[in-house]
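Heads up, the thing below is written out as structure tokens.
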Amino acid sequence: MMENLLKIKEDLYSQCLDAINDRYRTVQNTINEIQVSLTSETKSSAGDKHETGRAMLQLEREKAGSQLAEIQKIKEILFKMDISKTLKVVGLGSVVFTSQANYFIAISTGKLIVDGVQFYAISPSTPIGQLLIGKTVGDKVVFREQKFLVNLII
């Protein structure tokens, strides 16, 4: 039984890692495309138009660079998690089964499915994450006027 529960946590962790790696690749590709555009853009007779285009590309590159830094921070959060541990109190890395929905307290990647069961991967800093942190089995939580019960923590 416990092995199956830990497998759920491993699957959720793996799906979160895949999602963040996909986002990383997408942003990296965007940066590469911007770089190609910047280097291929040659000075034309329309000088002002050229400079405006370069400035826009530079801004896009900076924005993509910020996204990359944010993704790196999110990856670090995942790498700090020890998914082999089972906690009695909800914290980072916990899988929480409630009477309303199931949550993986990790990073915000949205809906995940493991063995046909739906989970929501959420950051501890989200409103629902903040409510769940520190809770134990049997605790009641009220979120947006909905009451639910913590049934199981992995």
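The values are calculated or read from the model by the stated rules, or taken from the named source; none is laboratory data. Just so it is clear, the structure is predicted and the values come from calculations on it, not from any experiment. Reconstructed Cβ throughout: ideal geometry from the backbone, glycine too, with neighbour counts over all protein chains shown. Remember, those area values only see protein heavy atoms, side chains included, never the ligands or the DNA or RNA. Shrake-Rupley method; radii C 1.70, N 1.55, O 1.52, S 1.80 Å.
Here are the numbers for this structure:
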| read-out | value |
| --- | --- |
| Relative contact order of region 45-129, defined on C-alpha pairs under 8 angstrom at six or more residues apart (%) | 16 |
| Net +/- balance of residues flanking Leu6 in space, Cβ distance below 12 Å, scoring K and R +1, D and E -1 | -1 |
| Carbon/sulfur fraction of accessible area - region 1-150, other protein chains in place, 1.4 Å, % | 53 |
| Karplus 3J(HN,Hα) series, Hz, for region 80-89 with 6.51 cos²θ - 1.76 cosθ + 1.60 (x for Gly, Pro) | 6, 6, 10, 7, 7, 8, 10, 9, 8, 10 |
| Largest-first principal axis extents, alpha carbons of the chain, Å | 72, 35, 26 |
| Degrees between helix 2-40 axis and first principal axis of the chain (Cα, 0 to 90, nearest 10) | 10 |
| Whole-angstrom gap from region 53-120 to region 1-35, using each part's C-alpha centre | 8 |
| Binned Cα-Cα distance frequencies in region 72-154 - 5 Å width, integer % | 3, 16, 27, 28, 18, 6, 2, 0 |
| Net charge contributed by nearby residues that have their C-beta within less than 10 Å of Gly93 (K/R +1, D/E -1) | +2 |
| Accessible area expressed per residue, the chain, with surrounding protein chains retained (probe 1.4 Å, Å²) | 61 |
| Partners for Lys85 among lysines (Cα-Cα distance below 25 Å; same-chain residues under 8 apart left out) | Lys7, Lys9, Lys73, Lys75, Lys111, Lys135, Lys140 |
